[in-house]
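As structure tokens, the structure follows; a few thoughts come after it.
The values are calculated or read from the model by the stated rules, or taken from the named source; none is laboratory data. All figures in this text were calculated on a predicted structure; none of them were measured in a lab. Neighbour counts run over all protein chains shown; Cβ positions are idealised from the backbone, glycine included. These accessible areas exclude ligands, DNA and RNA; they are computed on the full protein's heavy atoms, side chains included. Shrake-Rupley method; radii C 1.70, N 1.55, O 1.52, S 1.80 Å.
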Amino acid sequence: MPNTLLIGAQWGDEGKGKVVDVLSQDADVVVRYQGGSNAGHTIEIGRDRYVLHLVPSGILHPDKTCVIGNGLVVDPLALIQEIKDLAARGVRVDGRLHVSDRAQMVVAYHKMLDAARENRSPAGARIGTTQRGIGPAYADKAARLNLRMGDLLDGELEHSLADRVAEKNRALAELGAAPVDARQMLQDLSAAAEFLRPFIADTVTLLNEALKAGRSLLFEGAQGTMLDIDFGTYPYVTSSNPTCGGACAGSGVPARAIDRVVGVVKAYTTRVGEGPLPTELHDSVGERLRERGREFGATTGRPRRCGWFDAVVARYAAMINGVDFWAVTKLDVLDEVETIRIGVAYECDGRRYDTVPASIHLLERCRPVYEEFPGWMSATSNVTRFEDLPKQARAYVQRLCDLTGVPLGILSVGPQRASTFRIKI
Ligand code: IMP
């Protein structure tokens with residue numbers, strides 16, 4: 001089976017969890033390569049609903065190996081909670097979940113700094129982060145100050161924490177926040193080290209040996225292209241690279257090992273947090289999409305901002321990631337919309353833009369150019385073949401593919417496992 005990279009092509013929350021769940025059937029190893037517990041991947045199987053933050057969605061298939069790669073920032077306490085929650089629901093992770101010893105650690109002061117900075121920023125300057133400590137942990141990684149998961153096991157924790165805590169407490173005091181409790185941190189991390197010892201491994205070698213043995217890998221991106229620190233709507237982005245390059249840097253697998261790229265797009269657009277969203281709807285249609293699509297953050301519960309499908313964004317994501325196929329999700333959410341629109345280009349100061357401009361100020365002033373489509377006004381959630389969709393729904397999906405130059409590979413018309421079906425892959 002080919003090695004597949006699955007990326008979000010919008011602002012995250014595209015429904016990657018359920019697509020990974022379907023594609024996991026073809027893979028031996030499922031790998032997360034960036035982000036941290038800011039992600040929330042939701043999978044519904046029968047009456048069970050799982051929300052995974054750090055553990056790859058492949059864990060719900062009992063025969064798959066799952067890897068948390070070196071590119072992540074891992075909160076050990078959140079990971080332990082997730083492992084315990086899975087175990088309580090009968091999902092066995094021992095022996096098949098491996099955490100990179102090179103993965104960066106998120107500790108208490110990262111979360112406190114994230115919250116303190118957000119709360120102190122004036123409304124217009126907030127990123128709207130998930131407050132999971134992601135930005136401060138990646139900043140420490142780049143500054144070469146951070147602890148990695150392997151450091152949990154080297155017996156030097158107390159010493160390693162001492163200097164770091166003093167410096168972070170100075171930063172917290174400047175922000176008017178309470179200091180971190182160093183003793184509590186040491187206690188928590190020492191306990192975490194014992195719990196996680198069997199999971200921490202050299203995943204770079206593990207993955208490359210799996211490749212050599214002909215096992216197939218599925219890379220599970222978190223967040224999305226427009227939240228990428230290089231290609232997204234900077235500074236309203238996350239602090240990692242959800243795009244294709246992140247998969248190699250965040251796993252230690254060579255680029256030539258990736259055989260195909262699947263981009264996940266929702267049939268409309270959502271975003272949580274601050275920053276531009278050119279096709280945003282501020283009316284009752286937006287509210288209906290939010291209600292019908294249950295558009296509330298899986299990690300923070302925040303209502304998601306909703307808008308029309310943005311073909312400029314999807315085309316840009318297809319270009320950057322080399323998307324071979326789209327997985328289009330949540331088509332059923334549009335079932336009762338009379339007239340549907342797609343943003344096909346932007347206009348700003350009398351100029352037309354067919355790709356996403358780098359300047360956030362320019363993007364904020366861009367107005368979409370729309371194409372309109374008649375809605376199909378009938379239920380699609382029981383459909384399991386593309387041919388059985390109403391004519392208008394097929395035309396809408398086809399136009400989405402034509403505008404972005406990428407064929408349809410997978411379609412999803414509901415939250416259940418059976419509602420996500422393959423067309424070409
Ligand atoms: P951070 O990743 O917590 O630093 O948040 C930075 C931005 O990315 C904020 O706008 C968040 O709402 C957004 N974000 C982070 N993770 C996700 C996700 O999994 N889905 C959607 N948005 C996310």
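Below, the figures for the structure above:
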read-out: Candidates 193, 162, 311, ranked by Gaussian network fluctuation over the chain, Cα under 10 Å, top entry; value: 162
read-out: Radius ratio Rg over Rh of region 82-220, counting only Cα atoms, Kirkwood formula for Rh; value: 1.03
read-out: Distance cut-off 17 Å, percentage of C-alpha pairs in region 165-245 lying past it; value: 73 percent
read-out: Subset of 64/212; 84/141; 18/391; 111/168 violating a 19 Å alpha-carbon distance limit; value: 84/141; 18/391
read-out: Residue-averaged [θ]222 nm for the chain, counting only DSSP H segments that reach four residues, each worth -39500 (n - 2.57); value: -9500 deg cm²/dmol
read-out: Residue-count net charge about residue 289 - beta-carbon cut-off 15 Å; Lys, Arg +1, Asp, Glu -1; value: -2
read-out: For region 293-344 and region 268-287, distance of Cα centres in Å; value: 10 Å
read-out: For region 1-108, convex hull of alpha carbons as volume per residue, Å³; value: 108 Å³
read-out: Phi to ³J(HN,Hα) by Karplus 6.51 cos²θ - 1.76 cosθ + 1.60 over region 327-332, Hz, x for Gly, Pro; value: 10, 9, 10, 6, 4, 4
read-out: Per-residue SASA entry for residue 284, accessible area with 1.4 Å probe, Å² rounded to 10; value: 70 Å²
read-out: DSSP beta bridges in the chain [antiparallel fraction, %, rounded to 5]; value: 40 percent
read-out: Hull-based mean projected area of region 265-396, where the convex hull spans the alpha carbons, in square nanometres; value: 9.0 nm²
read-out: Segment residue 378-residue 120, length gained on full extension (0.36 nm per residue, minus Cα span); value: 88.1 nm
read-out: Within a Gaussian network of the chain (alpha carbon springs, distance under 10 Å), most fluctuating of 87, 222, 143; value: 143
read-out: log₁₀ of I(q)/I(0) at q = 0.13, 0.18 Å⁻¹ - region 79-126, Debye sum with one point per alpha carbon; value: -0.55, -0.75
read-out: Rg and Dmax [Cα atoms of the chain; Å; Rg one decimal, Dmax integer]; value: 21.4, 66
read-out: Counted charge near residue 235, where neighbours are those whose Cβ lies closer than 11 Å (Asp, Glu -1; Lys, Arg +1); value: 0
read-out: Charge tally in the Cβ shell below 14 Å around residue 269, where Lys, Arg are +1 and Asp, Glu are -1, residue 269 excluded; value: +3
read-out: Where only alpha carbons of region 141-292 are counted, the Rg and the Dmax (Å); value: 20.8, 57
read-out: Prolate/oblate/rounded label for region 81-158 (Cα gyration tensor, a/c 1.5); value: oblate
read-out: Whole-angstrom gap from region 1-53 to region 170-249, using each part's C-alpha centre; value: 16 Å
